[in-house]
Amino acid sequence: MAYRAEDDYDYLFKVVLIGDSGVGKSNLLSRFTRNEFSLESKSTIGVEFATRSIRVDDKVVKAQIWDTAGQERYRAITSAYYRGAVGALVVYDVTRHVTFENVERWLKELRDHTDANIVIMLVGNKADLRHLRAVSVEDAKGFAERESTFFMETSALESMNVESAFTEVLTQIYRVVSKKALDIGDDPAAPPRGQTINQRNVAVENATVLPLPALPPLATADLAATTGAVAGAVAGDASLLLAVNRWWCSGMELVSRRWSAATVSTEQASIGAGPNTHMSSAVAR
C-alpha cells in the first residue's frame, strides 16, 4: 500500500454545522475530529472549523467542518460561510422542543445560501438525556421525510452515532459528486477529453487552467465575489470546479483564522469572562 501524507486526499468537502445555540454542535465537532468532549464548552464566537479525513470506497475524503455560532447576533457573519458547503448537519436538542421548532428556519437559511444538491442530515443531539426528552423520534423522522433529509439521533457525551452521522453525510456527498462526474463523462455533447493535468489528485481534462486570484484581505464578501466569478468561468467542468472548491476552502481557513483572532479579543473586551459565557453541563452536551 502506497504511503499517503496526512494532507494528501482525493476529495475535499466543506460541511457546516448549524442549529440553535447550546444544542451541542461544538462537542459533536470535537467528538468526531478529536474524539473529545467537554462539559465546560463555551458558546462559539463567530465560526470555528476542524478537519478529518475518512476513506470512502478507495478514495480519501477530507472533511472541512465549520461550526457556526447559533446566536442571532452572528447571523449576518455566519451566512457568508454557507458558500461552498456541500453538506450540512442541522442540529437540535432533543430536550428542548424550541430548538426543534427552529430547524425549519435553519433549513430555509441553509437552502437559500447553498446548492440544491447539498446533503442534509437532521441531528437530534443529547439523546443520552432520556428522562428529559421533549422531541419524539417519530416527530423528527416525520419532519425529515417531509424535508427530504437524512435523520439520526446522537449523543456527543456518549459518542453515540456521532461517527455514523458525519460518515453518512460525507459518503452521500461522495456519491453525488461521483454521479455528477459520471453524468458529465457520459454526455455525448461534452467536448473530447484532452491531456490530463494533475493538480494534487484532481484531474482537469481538456480545460483551460485559470490562474486563481490571490486571496483578498480580510473581507469575506470580496472572497465570495471572486470565487463566484471563477466558478462561473469554469461552470460545467466538474474537475475544475473541484479544484476551485479546494482553493475556496483554503482561502476561507485563512480568513477565519484572522477574523476569529480579532473577534475573540473584541468579545473578551466586551463581555469579559463572566458566567454568561459558559453553558451548564446539560446544555453543552
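Coordinate-derived values only; no laboratory data. Remember, predicted model here, so these are calculated numbers, not experimental data. Here the Cβ is made from the backbone with ideal geometry for all residues, glycine too, and neighbour counts use every protein chain on show.
For Lys25, the lysines whose Cα falls under 29 Å of its own Cα, not counting residues fewer than eight places away in the same chain, are Lys14, Lys42, Lys59, Lys62, Lys108, Lys126, Lys141.
What relative contact order, as a whole-number percentage, does segment 11-176 give when Cα pairs under 8 Å and 6 or more residues apart are counted? Kindly include the intermediate steps, with their values, before the conclusion.
Numbers: 306 pairs, mean separation 43.3, N = 166.
Reported relative contact order: 26 percent.
So for segment 11-176, taking the charge dipole from beta-carbon charges (+1 Lys/Arg, -1 Asp/Glu), which of Gly142, Gln64, Leu110 sits furthest toward the positive end? The listed residue farthest towards the positive side: Gln64. Of all DSSP bridge pairs formed entirely within segment 11-176, close to 30 percent run antiparallel.
For Val119, nonlocal amide neighbours, meaning residues 5 or more places apart or on other chains whose placed amide H falls under 5 Å from its own, are Gly87, Ala88. List every residue whose amide H lies under 5 Å from the amide H of Met160, counting only residues 5 or more places away in sequence or on a different chain, with H placed 1.01 Å from N in the peptide plane. Those qualifying (amide H under 5 Å, at least 5 residues apart or on another chain) are Ser155. Subtracting the Cα-Cα distance of Arg55 and Arg175 from 0.36 nm times their residue separation leaves 41.9 nm of extension gain.
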